[in-house]
Structure formats: structure tokens, C-alpha cells
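Visitor: First, the structure itself, so that you have it in front of you.
Each value in this text was obtained by applying a stated rule to the coordinates, not by laboratory testing. Note that the structure is predicted; figures quoted are calculated from it, not measured. Heads up, the Cβs are rebuilt from the backbone with ideal geometry, glycines too, and the neighbour counts pull from every protein chain shown.
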Amino acid sequence: MRMALVGLGGIGNVHLSVYESMPDVEIAAVVDVDTEKAAARLKNKSIKMYNCIDDMLMSENVDFVDICTPTYLHEEHAVKAMNKGVHVLCEKPIALTNESADNMIKAAKANGVIFMIAHVIRFWPHYEYLKKCYDERKFGKLYTAFFSRIGEIPRWTHDNWWMDEKRSGRAPIDLHIHDADFALYLLGKPNYITGKACEDYENITYITACYEYDDCLVNIEGGMFRAPYPFEMSYRAVFKRAVLEFRNNKLVVYEDGKKPEEIKFDNMQNIESGINISSANGYENEIRYFIECVRTGKPPEITTPESSAESLLMVKKTLESAKLAQKIKI
């Protein structure tokens, strides 16, 4: 299968490492505004370089593109590829606005292509385990869950785009959406959302949300700080008969009447990404899943474009709650 990688920045480099390990996938082309810097990262020097997606789509015959460009470019790049009949895997979030998300979904349907947003946490082994425990009621009723994703403000982005709210959405839309999306995957839409935010555009970008369900409460925080705080993603889920805690890349189950048990996963692949990512397994899982969807012609089910648009909407509702200083009914 032939593919083109569009955007070879921080996350693009992570995706590249996955494709380079897949003998059944040919990286036909890479698109990046800095072709010289991007070319230096490639092990295979025969891969064609382009600085414009239009030129690549005109010149290359590829089965799919993987879009890893800044968020404000997602709609433009995805729709251009779809209009050429090319399948699209696009990094999260789907877009900055739900209008853009709807345009992308309509373009995918109109052109009959597979379209998936790379919400990697749905494919992350430690989070997959939590989903499985919940679905199978392994430890009984889920009472409450807490999700956290915090770290230092990224300084590696091209033209410092991440710091520009109009291009990235900063912590709420670029970071917090990881866990907002997983909460929806785990439990569906909440009844109410209460949001709080702290933003000064230089030293902190932070958001917290409380999702209220009929019989469960979920709290989610996401933030980036100017101080060199080490990146950490974590969760704690309190069931009737156990507490699951994922922290410092370790998942421990504290089950009633038993000794704490660390849940280990086979073949965890560590990588040097240059950013705040140390494991490629979630990325490999989501990419292989997408490729299988392309091969079979079956639309993705684990994460759909519609669910990705819904996750964006939940973040928007959280921001609305924070602005109004009141609970929002969903």
C-alpha cells in the first residue's frame, strides 16, 4: 500500500517511525514546508519530497495520506486529498470548529473515501484495558474517574503555531481533547459539563472539566506550563471492587481483597520522538487499524469522524461553561 505523509513535525516524526517499521506500506512521498529539514529525517532517501500538498496529489498515486500538519490546516489538506479520491488519516483534533469538521465529514461521504481521526488514546493499551474492564463489568460499577494530561508548553512547533490560539486551540482543543474523547468513548455523552479554564498566553494554558452522568462523575484536566514540568498522562478509575491507576507509564489494579497487581503489556515499543512521547504502540495500533479499514473498505468503528466531531463539541461546551461560569446541560 502506498501512502504520503503530510507534515513531518513532532507528531509526524512519530507516525513516520511507525511506517518505517511496516514492510507492507510504502512511503511514497512526504510533504513539509521545510523540505530540507524533513529530508534529513528520512532513512529512505528515495522518498519524494514536496513542500505543497497540491503538487504531491497531482504527481503521486497513493492509497492514503496521513495528515500531521497543524490543526488549522486539517480541513484544507483533508478535503483536497478526499476530492482526489484518496483515503485520509488525520491527526487529532479533527479541526478547530465544528463547521470545519462537518465539511470534512461531508467531503469523505461525497467522495466515498475512508476518513479517520487519529484519536490515539482509544488505541493505547493502558486505556484499552480500562475500556475492557468497564464494558465487561469486571470490577462492578464505575463510580468516578479522573484523567490528567499535563506538561511543558511545546517549543518544537514550526513557526510556534501551537502557542497561537487561532491556529491550535492551545491546551483545550489540542491537549484536553485526548481525554474528553476517551471519556465519550468510555461512557458516552454526559448530562452536564462544568468547565474552568486558566489562560494567560505565556505561562499557562489549562482547562478542567467535570462530566456528570446518571451514576458516574468524571473529572478531566489538561494543561501546559511555561515551567519545565515533565509531561505526564494518567488516570484513576474507581470501581465497586477495584481502583485502577495509570501513572508514570504503569498501570496498577488495586482490587478488593487482593494484593496490588501491575498490568503489563507485551512488546511495548519505546521510541525517541524528540517530543513528549515515549511509546509508539498506541500509534502503531491506530495506524494498523486505519490501514485495515482501507484494505477492507470498511469504515472505522472504534473512532468515527462523527465521534471526533462530538469530542470537539464537548470541549467547546466546556469552554462555554468556563466563560459563563455555570454548568452546561448537554
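Visitor: Compute the signed sum of charges (Lys and Arg +1, Asp and Glu -1) over the other residues within less than 13 Å, Cβ to Cβ, of Glu20.
Guide: -1
Visitor: Can you pull the one-decimal nm distance between simple spin-label points at Trp156 and Val33, each 7 Å off the Cα toward Cβ?
Guide: Output for this residue pair reads 1.8 nm.
Visitor: Which residue, Pro299, Pro23, Pro70, has the most motion in a Gaussian network model of the chain that connects Cα atoms within less than 10 Å?
Guide: Checking each option, the largest mean-square fluctuation is seen for Pro23.
Visitor: I need the peptides 283-292, 212-221 ranked by packing, meaning the mean over residues of other C-beta atoms within 10 angstrom, with the highest value on top.
Guide: The peptides rank, most packed first, as 283-292, 212-221.
Visitor: Moving to a separate point now. In whole Hz and in residue order, list the ³J(HN,Hα) couplings for region 37-50 that follow from phi through the Karplus curve 6.51 cos²θ - 1.76 cosθ + 1.60, θ = phi - 60°; x for Gly and Pro.
Guide: Coupling constants for region 37-50: 5, 5, 4, 5, 8, 7, 6, 8, 6, 8, 5, 6, 10, 9 Hz.
Visitor: Around Ile263, which amide H atoms from residues at least 5 apart in sequence, or from another chain, sit under 5 Å from its own amide H, with H modelled in the peptide plane?
Guide: Leu251, Val252, Val253
Visitor: Picking from Gly85, Gly188, Gly169, which is most flexible by a Gaussian network model of the chain using Cα springs under 10 Å?
Guide: Checking each option, the largest mean-square fluctuation is seen for Gly188.
Visitor: Computed FRET efficiency, Cβ-Cβ of Glu232 and Cys198, R0 30 Å: what is it to the nearest 0.05?
Guide: It comes out at approximately 0.95.
Visitor: Could you compute how fast region 1-105 diffuses translationally, taking Rh as the Kirkwood radius over C-alpha pairs and applying Stokes-Einstein at 20 °C with viscosity 1.002 mPa s? Give it in µm² per second.
Guide: Translational D for this selection: 157 µm²/s.
Visitor: Need one number: convex hull volume per residue for the chain, Cα atoms only, in Å³.
Guide: Once divided by residue count, the hull of the chain is 134 Å³.
Visitor: If you don't mind, another one. Apply 1/(1 + (r/R0)^6) to the Cβ-Cβ distance of Met1 and Ile330, taking R0 = 51 Å, and write down the FRET efficiency to the nearest 0.05.
Guide: 0.85
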